1. Just to be sure I follow the definition: excluding the sites themselves, where is the longest run in the chain that has none of the GluC sites (Glu not before Pro) in a DSSP loop with at most 16 other Cβ atoms within 10 Å?
2. Given the pairs Lys12/Lys283; Lys17/Lys219; Lys325/Lys409; Lys12/Lys379, which span a C-alpha to C-alpha distance of over 30 angstrom in this model?
3. Whole-Hz Karplus ³J(HN,Hα) for the range 412-420, in order, using 6.51 cos²θ - 1.76 cosθ + 1.60 and θ = phi - 60°, x for Gly and Pro?
4. Compute the Cα gyration tensor for the chain, then decide on rounded, prolate or oblate, letting a ≥ b ≥ c be the square roots of its eigenvalues: rounded whenever a/c is under 1.5, prolate when a/b is larger than b/c in the other cases, and oblate in all that remain.
5. For n ≥ 4 DSSP H runs only, could you compute -39500 (n - 2.57) per run for the chain, divide by its residues and tell me the 222 nm figure to the nearest 500?
6. With a cut-off of at most 11 other beta carbons within 10 Å, and DSSP calling the residue loop, which chymotrypsin sites (Phe, Trp or Tyr not before Pro) in the range 107-156 qualify? Please list them.
7. Pick out, in residue order, every one of the trypsin sites (Lys or Arg not before Pro) in the range 54-117 that is DSSP loop and has at most 14 other C-beta atoms within 10 Å; say none if there are none.
8. In whole angstrom, note down how far apart the Cα centers of the range 364-380 and the range 22-77 are.
Amino acid sequence: MDEKNNSRKVEKLLAVKGMNDILPPDSARWEALEERVRQLMRRFAYENIRTPIVEPTALFVRGLGEVTDIVEKEMYSFEDRLNGEALTLRPENTAGVVRAVIENNLLYNGGKRLYYMGPMFRHERPQRGRYRQFHQIGAEALGFSGGEVDAELILMAHALWQEIGLQDVALQINSLGQPEERNLHRSALIGHFEAHMDVLDEEAKRRLHLNPLRLLDSKNPAMQAVIEAAPRLIDFLGEASRAHLQTVCNVLDANGVAYSINPRLVRGMDYYNLTVFEFVTTKLGAQGTICAGGRYDYLMEQVGGKPAPAVGWAIGVERVLELLKEQTSASAMAPLHAYAIVTDSQDLPQVMRSLQALRAAGASVLMQASGAEGMPSMKAQFKRADASGALFALIFGADEMAQGSVTIKALRDASVAQQTLAVTELPQWAERLQSKA
Ligand code: ATP
Ligand code: MG
């Protein structure tokens, strides 16, 4: 190594602002939620789909709509350095799923129910519950037009809240109707806001004629009163749209799921029609929406596929975990079964064979690793075994190694006597351990 490099202090590299490391022990809470979601999806017969994190920019521009927060100001877009292609880190995954469904002709013999989990990217101002890399769990049902499937998705999210013990989550529903109904409402909306130009901010003025529905989604406190007084889309709905909403409500009523109709509810993307919904909590301040979704019957066409109806939702994982933390003390992780204490590093290959057999029998085992000076003192090893939270210490000392045995000491329960077993008996020991748990 050259001397100059050695003496210079190397600048510390930090994570990108708004993008977080998820570290142990917190990561165990993530895994636990993900595992629950996998089981839930299996029970509802939704299949997993994994699409690329990078997509052509045009997919989001066409899919989400040009006059949306995401497309106007939140996308991480870049040019492929080698071929100049316009690419974007996915800000959401409905458009990606729809692209994949079209590209792979997944609807060739009927509908498809899909789910995904993964990181999304939006250039927003980082704050609690709002990050630049965040994670969504999403479910999409494609090829179904009936309101029952909208309701099925809502029941599925509701079931998740119940299973993880989330309280104080309120469900709001609205209908955005169909394009013709929206056009009628649009004219009324423009008229209304034009009569209140003085309270509109710059963004609202710019969007007024491009996409007036977006104004209803504004978070500007100064505009809330005039938004409150705006004509309601729900009053412009025809028979069929009202019937669709009624179907959703009937299923929710039959299942005892509480909801309120919120005629002001609109969603951030253009692709929605008919049913839209949000699960909201008051516990996270302005970042209270933990799940949002709705029907998007025109998106398939919009991105170049054969028309097909669809409906879906996305959950904000960080927000859900934040709520869980607030509500309950972190639920205990599955405990570590055993910590292997080894006196002579020469014995490690032999010891590791026993540990492999133990793991094959389903036990979790953490092994003391050797350092530059061989194995740490017994005292130090016992200290670490204790700190690891392991239920048992497995002691591989000189006597044990000579006899092909292991001494097992309970670390959490003083009433359990220490015992010495032949290492060949370890797998049975592990099985007994788990049947007791
Ligand atoms: P908001 O109004 O809070 O910006 P949104 O309408 O942009 O939300 P969606 O695009 O519908 O959100 O995404 C679905 C869910 O993903 C949100 O309800 C939220 O829980 C979560 N989410 C969205 N953006 C972020 C972010 N930047 N950081 C963390 N979670 C987010
Ligand atoms: Mg947003």
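1. 125-372
2. Distance filter (> 30 Å) returns Lys12/Lys283; Lys325/Lys409; Lys12/Lys379.
3. Coupling constants for the range 412-420: 10, 9, 5, 7, 8, 6, 5, 9, 10 Hz.
4. Here the chain falls in the prolate category.
5. Dividing the helical sum by the residues of the chain leaves -11000 deg cm²/dmol.
6. Those that pass, being in a loop and sparsely packed, are Tyr108.
7. For trypsin sites (Lys or Arg not before Pro) across the range 54-117 that sit outside H, G, I, E and B with at most 14 neighbouring Cβ atoms in 10 Å, the list reads Arg81.
8. Between the Cα centre of the range 364-380 and that of the range 22-77, the gap is 41 Å.
The values are calculated or read from the model by the stated rules, or taken from the named source; none is laboratory data. A quick note: this is a predicted structure, and the numbers were derived from the prediction, not measured. Methodologically, a virtual Cβ is constructed for each residue, glycine included, from the backbone with ideal geometry; neighbour enumeration extends over all protein chains shown. Note: accessible area is taken over every heavy atom of the protein model, side chains too, but ligands, DNA and RNA are not part of it. Shrake-Rupley method; radii C 1.70, N 1.55, O 1.52, S 1.80 Å.
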